[in-house]
Amino acid sequence: NCRTFRAYVSDDRTGVELAGALKNVLALSAGMSDGLGFGDNTKGALMARGLYEMTKLGTAIGAKLETFFGIAGVGDLFATANSTLSRNYRVGRHLGEGLGLEAALERVGQVAEGVPTAHAAVMLARRHGVPVPIMESTEAVVRGRMAARDAVSQLMERMPKREGLHLLAEARADCE
């Protein structure tokens, strides 16, 4: 640590690795939301529920819940999902604006790790029986099986879920 750099450490390798990968998928989602013209409240709700998906998937495979609420989780997610410098956000934004994946990647001109990670995340979630509707919808758009606007409709028509601190208790109980 010094005046211009501060490091935080973790012994949760699984959680740090998963958080670092899954936030790229959610950054694609955030970009799509902006590309579709939705506002900050929509993106905030999307990221909150996306963070929940990250924690459920992570804890199901042995990561620590706390990791997802630290710099590697929520810190990196917020930065990546809100930055116009983020490759994943920019690809997602282009997808939301109606470009296909190849055109979006060409326009960004850089690797967007969330593209292959979306499929891997969905497969991992299925293997562990963890529902990840935001990641599934994102993966469907990335793979060209669904338009971004249709993915939003699909997510909005899902049955409402309870929200609150009990979710953290459930996530913690799932990993104990």
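Could you calculate the FRET efficiency of Met156 with Tyr8 from 1/(1 + (r/R0)^6), where r is the beta carbon distance between them and R0 is 30 Å, rounded to 0.05?
On the way: r = 36 Å, r/R0 = 1.21.
Result of the calculation: an efficiency of 0.25.
Given a 1.4 Å probe and the protein chains all in place, what does the accessible area of Met32 round to, in Å² to the nearest 10?
For Met32, solvent-accessible area is about 10 Å².
Be a star and scan the stretch 22-36 for residues whose amide nitrogen sits under 20 Å from the point 7 Å along the Cα-to-Cβ vector of Ile71.
22-24
Working from the pairwise distances between different alpha carbons, so that the mean of 1/r is found and then inverted, what is the chain's Kirkwood radius in Å? Please report the intermediate quantities before stating the final value.
On the way: mean 1/r = 0.0614 Å⁻¹.
One over the average 1/r among Cα pairs gives 16.3 Å for the chain.
Using 1/(1 + (r/R0)^6) with R0 = 25 angstrom and r between the beta carbons of Arg149 and Val111, what's the FRET efficiency to the nearest 0.05? Present the calculation step by step, with values, prior to reporting the outcome.
Values: r = 26 Å, r/R0 = 1.05.
Plugging the Cβ-Cβ distance into 1/(1 + (r/R0)^6) gives 0.45.
Which whole DSSP H helices in the chain pass both tests: a Cα extent of 20 Å or more along the axis and a mean Kyte-Doolittle value no lower than -0.5?
13-35, 40-60, 114-128
Any lysines with Cα under 19 Å of the Lys23 Cα? List them, leaving off those in the same chain fewer than 8 positions away.
Partners found: Lys43, Lys56, Lys64.
In deg cm²/dmol and to the nearest 500, what is the mean residue ellipticity at 222 nm of the chain if only DSSP H runs of at least 4 residues count, each as -39500 (n - 2.57), divided by the residue total? Display every interim value, and only then the final one.
On the way: 9 runs with 113 residues, N = 176.
One gets -20000 deg cm²/dmol as the mean residue ellipticity at 222 nm.
Quick one: among Asn82, Asn24, Asn41, which has the greatest mean-square fluctuation in a GNM of the chain with alpha-carbon springs under 10 angstrom?
Asn41
The values are calculated or read from the model by the stated rules, or taken from the named source; none is laboratory data. Predicted model, so just to flag it, every value in this text is computed and none were measured. When we count neighbours, we look across all protein chains shown, and the Cβ atoms used for this are built from the backbone with ideal geometry, even at glycine. Ligands, DNA and RNA are excluded from the accessible area calculation, which covers all protein heavy atoms including side chains. Shrake-Rupley method; radii C 1.70, N 1.55, O 1.52, S 1.80 Å.
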